[in-house]
Amino acid sequence: AELFIRDISRTDSNYRVVGIVSDTTDRVGRNIHGVEIMGTIDQISAVVQKLANMGAKPQRLIVTSERFQSIKMKELFETADSLGMNIARLPSLSDFQNDLPDDMKIKPIDVEDLLGRPQSTLDKAEVKRLISGKRLLITGAGGSVGRELVRQVSSLEPDHITLVDSSEYNLFCVDMELANQHADLSRQALLGDVRDRIRIKSIFVDQRPDIVFHAAALKHVPLVEANILEGISTNIFGTVNVGDAARSCNVSTFIQISTDKAVNPTSVMGVSKRVAEQYCQALELERSSKDDTNFITVRFGNVLGSTGSVVELFRKQLSDGGPLTVTHPDMTRYFMTTREAVELVLQAAALGIEEGGLNGRIFVLDMGEPVRIMDLARQMIRLADFIPDEDIKIVITGIRPGEKLFEEVLHGSVYSSHLQER
């Protein structure tokens, strides 16, 4: 706070600090460069009202502390929204490797800051023991989760990575990124559709992977609802093809990436992913020895920022000037970051290998409380420095075929283990 106030006092700044709130009571009543510390964080509403009565109602709340976790940030955002204020933060001092910058520019709050829970972290030493020296194969390597998988495992000293994707462009992009970041790492980029059983089997025979991450899938509910056969062919038979190839080629561990939409599904996409889960569970239960392929399923919710996600849709609609479209005012979803999703996959794989068999269990991440999509829309409008319902409208479009008002993570027929590193 002191750096920011000092900076704007000596420059021709568009900002004027009218008050400060502190996270401790012992600083209340003091001042920083002539600006009073008027109260504590839980007194923000009263402080803003006092400033408004003085004719100095603030328009923006700027977070200067690096100590705020996601839970506190979400509470702050909701308070600012209720007061008609936008919210931003200063960059952390750790963002600057050497000297401080000439000006302390504020930056927007990330959507990830508003999850309302601490983000999970990974025991990298444990996972490195899993990955180091192994030959890896990743299907759907060019997708959002697949690409993040490539980023994370490539730093854990694998012997070789095989990238498999049906999209030439996505495969090219992830291959080039891997080449730029880890030029010395042995890799092979192969075009392949998981629906093509012969092609998939030939890839496995040639590449001889030790560990397989199966991320290839059709995941968008409305599209799969309109293209049922393609959804079934990719999500069910694609998993069958990859799983069978893994078992016949003596792969050590097969990790399938699934979705919370597989729980009590109401859509073709959800049903197809549930059947894929059950197939992998069946293969796991058929294991006759610890040397047989270990099949693990990992299930998570919506991934923030993934292609086609509601966050990306809202960003596109905001760039177009609105409106933002929400299918139902009470619709909720569980969210996690791409990093969290991949770390869950790796943690589950490490635990599965350590235990030598999981009897068909499914891993899920403790994703906290579900998020109202209407609240997310309002938050993203605020993050873009607009006022909801004034600058940018929100339009209710109606629930689409196959959609549910809320997603579930567990159902009675599956024993699930929660992975949670905090």
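The values are calculated or read from the model by the stated rules, or taken from the named source; none is laboratory data. Since this is a predicted model, take the numbers as computed values, not measurements. Counting neighbours? That spans all protein chains shown, and the Cβs are built from the backbone with ideal geometry, glycine included.
How many of the residues in region 246-286 are among the polar types (S, T, N, Q) and touching a residue at least 60 places away in the same chain (Cβ under 8 Å)?
Kept after step one, since they are among the polar types (S, T, N, Q), are these residues of region 246-286: 248, 250, 252-253, 256, 258-259, 264, 266-267, 272, 278, 281.
Now restrict to residues that are touching a residue at least 60 places away in the same chain (Cβ under 8 Å): 252-253, 258, 264, 266-267, 281.
Going through region 246-286 one residue at a time, the tally reaches 7.
Has region 264-287 got at least one residue that is surrounded by fewer than 17 Cβ atoms within 10 Å (Cβ to Cβ), of a type in the set (S, T, N, Q), at pLDDT 85 or above and not in a helix (DSSP H, G or I)?
Yes - at least one qualifying residue is present in region 264-287.
State yes or no: is Glu230 farther than 22 Å from Cys249 by Cα, in a helix (DSSP H, G or I) and within 24 Å of the chain's Cα centre (by Cα)?
Working: farther than 22 Å from Cys249 by Cα: yes; in a helix (DSSP H, G or I): yes; within 24 Å of the chain's Cα centre (by Cα): no.
Criteria not met by Glu230.
Taking Val251 as meeting all but one of (1) modelled with pLDDT of 95 or more; (2) part of a helix (DSSP H, G or I); (3) under 23 Å from Leu351 (Cα atoms), write down the number of the exception.
Looking at each condition in turn, Val251 falls short on (2).
Just give me the residues in region 281-337 being at positive phi and in contact with a Leu (Cβ under 9 Å, 6 or more places away or on another chain), in sequence order. Full working, then the answer.
Filtering region 281-337 for residues at positive phi gives 305, 308, 321-322.
Within region 281-337, just Gly308 meets the criteria.
Scan region 288-301 and give yes if some residue there is in a strand (DSSP E or B), within 16 Å of Val212 (Cα to Cα) and touching a Cys at 6+ places or on another chain (Cβ under 6 Å), otherwise no.
yes
With the structure loaded, tell me whether Asp330 is surrounded by fewer than 23 Cβ atoms within 10 Å (Cβ to Cβ), assigned to a loop (DSSP other than H, G, I, E, B) and assigned by TED's automatic domain parsing to the domain that holds Arg195 or whether it fails that test.
Yes: the conditions hold for Asp330.
Got at least one residue in region 360-371 being assigned to a loop (DSSP other than H, G, I, E, B), basic (Lys, Arg) and surrounded by fewer than 23 Cβ atoms within 10 Å (Cβ to Cβ)?
Checked region 360-371: at least one residue is assigned to a loop (DSSP other than H, G, I, E, B), basic (Lys, Arg) and surrounded by fewer than 23 Cβ atoms within 10 Å (Cβ to Cβ).
Within region 175-192, can you find the residues that are charged (D, E, K, R) and crowded, with 18+ Cβ neighbours inside 10 Å?
Correct list: Asp175, Arg187.
Which of (1) without any contact (Cβ under 8 Å) to a residue 24 or more places away in the chain; (2) within 30 Å of Glu390 (Cα to Cα); (3) among the polar types (S, T, N, Q) does Ser289 not meet, given it meets every other one?
The one condition Ser289 does not meet is (2).
Taking the residues in region 265-306 that are of a type in the set (Gly, Ala, Ser) and touching a strand residue (DSSP E or B) at 6+ places or on another chain (Cβ under 7 Å) as candidates, determine which candidate is farthest from Ile236 (Cα to Cα).
The extreme case among them is Gly301.
Under 6 Å between Cβ atoms, at least 6 apart or on separate chains: pull out the pairs that start in region 313-333 with a residue that is touching a residue at least 12 places away in the same chain (Cβ under 8 Å) and end on any residue that is in a loop (DSSP other than H, G, I, E, B) and aromatic (Phe, Trp, Tyr).
Pairs found: Thr332/Phe406.
Say whether the condition of being part of a helix (DSSP H, G or I), in contact (Cβ under 8 Å) with a residue 24 or more places away in the chain, over 17 Å from Gly146 (Cβ atoms) and not aliphatic (A, V, I, L, M) is met by at least one residue in region 175-184. Don't jump to the end; show me each part of the working.
Applying the first criterion (part of a helix (DSSP H, G or I)) to region 175-184 yields 175-181.
If we keep only those that are in contact (Cβ under 8 Å) with a residue 24 or more places away in the chain as well, we get 177-178, 181.
If we keep only those that are over 17 Å from Gly146 (Cβ atoms) as well, we get none.
For region 175-184, residues part of a helix (DSSP H, G or I), in contact (Cβ under 8 Å) with a residue 24 or more places away in the chain, over 17 Å from Gly146 (Cβ atoms) and not aliphatic (A, V, I, L, M): absent.
Looking at region 225-263, which of the residues that are aliphatic (A, V, I, L, M) and touching a Ser or Thr at 6+ places or on another chain (Cβ under 7 Å) is surrounded by the most Cβ atoms within 10 Å (Cβ to Cβ)?
Per the criteria, the residue is Val242.
Give region 372-391 a look and list any residue that's within 23 Å of the chain's Cα centre (by Cα) and modelled with pLDDT of 85 or more, or say none.
Within region 372-391, Arg372, Ile373, Met374, Asp375, Leu376, Ala377, Arg378, Met380, Ile381 qualify.
Kindly establish whether Phe254 is hydrophobic (A, V, I, L, M, F, W, C) and more than 18 Å from Glu148 (Cβ to Cβ).
Answer is yes for this residue.
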